[in-house]
Amino acid sequence: MAKPRKPEAAPTLERLFAAKEIVIHCGSGGVGKTTTAAAAATMAAIHQGGRVLVLTVDPARRLANALGIERFGNVETRVPDAAFAAAGVEPRGELWAAMLDTKQGWDDLIKRHAPDEKTRDAILANPLYQNLMNRFVQSHDYVAMERLYELHSSGTYDLIVVDTPPTRNAIDFLEAPARMADFFSSRLLRWLTAPARSRVVNFASKPFYTVADRILGTQFLQDISEFFLLMQGMYGGFVERAQAVEKVLHDRRTTFVVVSTLESAPVREAEFFIEELRTRKLHLGALVLNKVLPSSLLDRKATTTARMLEDKAAGVAAAVAEPLQAEPEQLARVLKEVGTSFLNFQVVAQREAETRAEMAAVPEVVASVPYFDSDIYDLSGLVRLGAAIWR
């Protein structure tokens, strides 16, 4: 007779991270996404070993503060063992951190994709290059995807945890490679590069260049057309890399974690992104819900007690006022307010529970983070948050 199969353990972030090489955190602003990504990476370094990198694409520098690093940039920086010791833990592995430097990222990209040294040097020396790449649409997002691909391909890290910009910008993050490739084959780019391609401008486009020359100057038009002509020479490299990045995002070793609170606006953003992941056939591994009210608010006995305080505050106050050396009327008001506040919080907790149940139907893992008494500003705080979501 066959032995009954043991039920599988419930899925957890720990199990999810153990099976992945890239974990991309997404969510709207102000929901604790950056902190959650750092906390999850910290727990992976502590419990799973290996080399773990947390890469922030969000321009904010909150990650450096949370990890106790004075400053860091495009080059990865290791979180010192002393920081873990101060937090009272000893990691099995190493935790590294990096923040995207758009300018350095583009310099590296040009050096990597330029067909020859002459083209590379011409682009880097172009007067527009220093200013344009920081303002170019999709520039930051495209470099972020390049950097992620480069780091993963290097094999240096066993796990890369990515912190993206707020949700709808994170969609740009996903679409950046394809959009950049489209741009370099677009009609607009052909217009911009026409002066450098030929001194003879066709009759249909001549008014455009006449007006542009009057406003911007001949030298500016020449600089911009030469710059984009040089960039267009790297089109093949952009397309090839865009396809490679897309493949990495769809790889079984890559997963997404959506971070949200249970307030209505962040929930709508989270649902939007979850649907986007489904449409794009990208793997949603987990949903992390931040600042969740405690389940004790839903306890029936606690509800009975709160209603008693609300209805019989005067009687309770009269019975305990003397030992507490309190005025009965004042104590009654306080007890009634406590009971009413509990019941009001209970209504919110019930709504949160219903929303959580609805959202839990999609991802493999759903983790909740309670309210903390203080802000998380160091590695000890990250460990505390991580412990709440890890297992």
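The values are calculated or read from the model by the stated rules, or taken from the named source; none is laboratory data. Note that the coordinates shown come from a computational prediction; the quantities given were computed from them, not determined experimentally. Cβ: placed from backbone, ideal geometry, glycine included. Neighbour counts: every protein chain shown.
Can you confirm whether Gly73 is surrounded by fewer than 18 Cβ atoms within 10 Å (Cβ to Cβ) and under 13 Å from Val383 (Cα atoms)?
no
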Considering every residue within segment 36-46, establish whether at least one is of a type outside the set (D, E, K, R) and over 30 Å from Arg268 (Cα atoms).
yes
Output the residues belonging to segment 362-386 that are over 18 Å from the mean Cα position of the chain (by Cα), of a type in the set (A, V, I, L, M) and in the same structural domain as Val267 (by TED's automatic domain parsing).
Leu379, Val383
Residue that is within 30 Å of Glu14 (Cα to Cα) and modelled with pLDDT of 90 or more, where the choices are Val362, Val347, Val366:
Val366
Candidates Ala321, Ala270, filtered to the one that is out of contact with any strand residue (DSSP E or B) (no Cβ under 7 Å at 6 or more places or on another chain) and either in a helix (DSSP H, G or I) or surrounded by fewer than 19 Cβ atoms within 10 Å (Cβ to Cβ) (or both)
Ala321
Examine segment 73-93 for a residue that is in contact with a strand residue (DSSP E or B) (Cβ under 8 Å, 6 or more places away or on another chain), assigned by TED's automatic domain parsing to the domain that holds Gly32 and at pLDDT 95 or above, and state whether such a residue exists.
yes
Answer yes or no: is there a residue in segment 281-293 that is touching a strand residue (DSSP E or B) at 6+ places or on another chain (Cβ under 9 Å), touching a residue at least 24 places away in the same chain (Cβ under 8 Å) and small (Gly, Ala, Ser).
yes
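Going through Arg179, Arg253 one at a time, which residue ends up being within 30 Å of Ser368 (Cβ to Cβ) and either modelled with pLDDT of 85 or more or assigned by TED's automatic domain parsing to the domain that holds Met145 (or both)?
Result of the check over Arg179, Arg253: Arg253.
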Which members of segment 246-265 meet the condition of being buried (at least 20 other Cβ atoms within 10 Å of the Cβ) and among the β-branched types (Val, Ile, Thr)?
Thr254, Thr255, Val257, Val258, Val259, Thr261
Of (1) crowded, with 18+ Cβ neighbours inside 10 Å; (2) modelled with pLDDT under 95, Arg356 satisfies every one except (1)
With Lys281, Lys336 as the choices, which residue is more than 30 Å from Ala87 (Cα to Cα) and surrounded by fewer than 18 Cβ atoms within 10 Å (Cβ to Cβ)?
Lys281
With the checklist (1) out of contact with any Phe, Trp or Tyr (no Cβ under 7 Å at 6 or more places or on another chain); (2) of a type outside the set (Val, Ile, Thr); (3) modelled with pLDDT of 90 or more in hand, flag the one item Leu67 doesn't pass.
(3)
Of everything in segment 11-36 that's polar (S, T, N, Q) and not in a helix (DSSP H, G or I), which residue is nearest to Thr261 (Cα to Cα)?
Ser28
All but one of (1) assigned to a helix (DSSP H, G or I); (2) not assigned by TED's automatic domain parsing to the domain that holds Val162 hold for Arg278; which doesn't?
(2)
